[in-house]
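S.K.: The following block contains the structure, expressed as structure tokens.
The values are calculated or read from the model by the stated rules, or taken from the named source; none is laboratory data. The structure presented is a predicted model; accordingly, all values stated were derived computationally and were not measured. Note: ideal-geometry Cβ built from the backbone for every residue, glycine included; neighbour counts use all protein chains shown.
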Amino acid sequence: MNAPGAHAVNTPGFEKAYRIAQMTFDQMRMALIYGPPGVGKSFVCDEFRREYPKPITYIVVPARGSERKVVRATLEALTGLHYNTDTDTMERLVREHLTEHPCLCFDEADAMELEAFETVRRWRDEFKEKLAILFVGGRRAWEVISQRDRLADRIRYKHEFQPLTKPQMREALPLYHDIYQDLDLKTFETLWASCRGVFRRIDFFTDEVLTQMQADGIRKLTPQIVGDTLLFMGTELAMPRKGRR
């Protein structure tokens, strides 16, 4: 979250994804959390990793995640070192480290190519219940995984994250930030029309509107300040910058 004073909100999607992460690492399984950008997938992982008692190795899958790129990213996340050797050597080193670091989380997993998923699946088959793997990413992750039954069958838990519904967003906003307390319907409808339940957009907007309110000495959110901020932000709200919630 980027907005000052914002609080984490346990939406239904958050709670289910959190439970799946919990079961995945408690039971040493392989699982997938997927959905459109900005709905809170990575945020769930961040919160879970922060609270879970065991260390979880966090791997950000690089663009066009080939087998080599994913093996290298995994090894570098496990060791904190940089590698530029052949794939077989790096994979051997990964296997040596998995015994001591058996909990892996692959974020941006929708960038992974099929053979990269298969490589991780082989690690799981080799270590069995001694290795836990959580994939997090866009819908393409499941589309790729489901191309092969032996790979899809390894996914013990699967959850598709969705944007908040209108009632859910209405309920979540006052919990998320104090400026949304006593939010009138007109102001909410204006905000809903732009955010559509995508929390990254809500966070992006809240960060900007707080800046505008402070600059103008305004304490209460009004349709005017919401409209002015949306106009100022233009298309940025529709395409929020990567790295936000």
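S.K.: When residues of the range 52-76 are filtered for being under 27 Å from Gln27 (Cα atoms), touching a residue at least 24 places away in the same chain (Cβ under 8 Å) and outside any strand (DSSP E or B), how many remain?
M.R.: Qualifying residue count for the region: 9.
S.K.: Looking at (1) of a type outside the set (Ser, Thr, Tyr); (2) at pLDDT 95 or above; (3) out of contact with any helix residue (DSSP H, G or I) (no Cβ under 8 Å at 6 or more places or on another chain), which is the only condition Phe135 fails?
M.R.: (3)
S.K.: So which residues in the range 183-217 are in contact (Cβ under 8 Å) with a residue 24 or more places away in the chain, farther than 16 Å from Pro4 by Cα and charged (D, E, K, R), if there are any at all? If you could, list the steps in order and put the result at the bottom.
M.R.: Looking only at the range 183-217, we keep the residues that are in contact (Cβ under 8 Å) with a residue 24 or more places away in the chain, and these are 183-184, 186-187, 190-192, 194-210, 213.
Now restrict to residues that are farther than 16 Å from Pro4 by Cα: 183-184, 186-187, 190-192, 194-198.
The answer is Asp184, Lys186, Arg196.
S.K.: Give the number of residues within the range 18-42 that are of a type in the set (Phe, Trp, Tyr) and either in contact with a Gly (Cβ under 8 Å, 6 or more places away or on another chain) or surrounded by 20 or more Cβ atoms within 10 Å (Cβ to Cβ) (or both). Reasoning before the result, please.
M.R.: In the first step, residues of the range 18-42 are kept if they are of a type in the set (Phe, Trp, Tyr); the result is 18, 25, 34.
Subset that is either in contact with a Gly (Cβ under 8 Å, 6 or more places away or on another chain) or surrounded by 20 or more Cβ atoms within 10 Å (Cβ to Cβ) (or both): 25, 34.
The number of residues fulfilling the criteria is 2.
S.K.: Kindly indicate the residue of the range 132-152 that is loosely packed, with under 14 Cβ neighbours inside 10 Å and not basic (Lys, Arg) and also nearest to Val198 (Cα to Cα) among those meeting that condition. Explain how you work it out, then say what you get.
M.R.: Within the range 132-152, the subset loosely packed, with under 14 Cβ neighbours inside 10 Å is 139-140, 143, 146-147, 149-150.
Keeping just the survivors that are not basic (Lys, Arg) gives 143, 146-147, 149.
Values: Glu143: 22, Ser146: 26, Gln147: 29, Asp149: 32 Å.
Only one residue tops the list, namely Glu143.
S.K.: Given the conditions (1) modelled with pLDDT of 90 or more; (2) closer than 18 Å to Asp110 by Cβ, and given that Pro53 satisfies all but one, which numbered condition is not satisfied?
M.R.: Condition (2) is where Pro53 drops out.
S.K.: Another question, if that's okay. Quick check on my filter: what residues within the range 165-182 are over 18 Å from Thr11 (Cα atoms) and either crowded, with 18+ Cβ neighbours inside 10 Å or in contact with a Phe, Trp or Tyr (Cβ under 8 Å, 6 or more places away or on another chain) (or both)?
M.R.: First, pick out the residues of the range 165-182 that are over 18 Å from Thr11 (Cα atoms): 179, 182.
Correct list: Ile179 only.
S.K.: Need the failing condition index for Ile202 against (1) of a type outside the set (Phe, Trp, Tyr); (2) buried (at least 19 other Cβ atoms within 10 Å of the Cβ); (3) in contact with a His (Cβ under 7 Å, 6 or more places away or on another chain), just the number.
M.R.: It fails just one condition, (3).
S.K.: To continue, here is another question. Residues Ala111, Ala77: which one is touching a Gly at 6+ places or on another chain (Cβ under 8 Å), surrounded by 15 or more Cβ atoms within 10 Å (Cβ to Cβ) and assigned by TED's automatic domain parsing to the domain that holds Ile133?
M.R.: Values: Ala77 fails: touching a Gly at 6+ places or on another chain (Cβ under 8 Å).
Exactly one residue qualifies, and that residue is Ala111.
S.K.: Select from the range 87-119 the residues that are in a helix (DSSP H, G or I) and either among the acidic types (Asp, Glu) or in contact with a strand residue (DSSP E or B) (Cβ under 7 Å, 6 or more places away or on another chain) (or both) and list them in ascending order. Before you say what the answer is, go through the steps one by one.
M.R.: In the first step, residues of the range 87-119 are kept if they are in a helix (DSSP H, G or I); the result is 87-98, 109-111, 114-119.
Across the range 87-119, the qualifying residues are Asp88, Glu91, Glu96, Ala109, Asp110, Ala111, Glu115, Ala116, Glu118.
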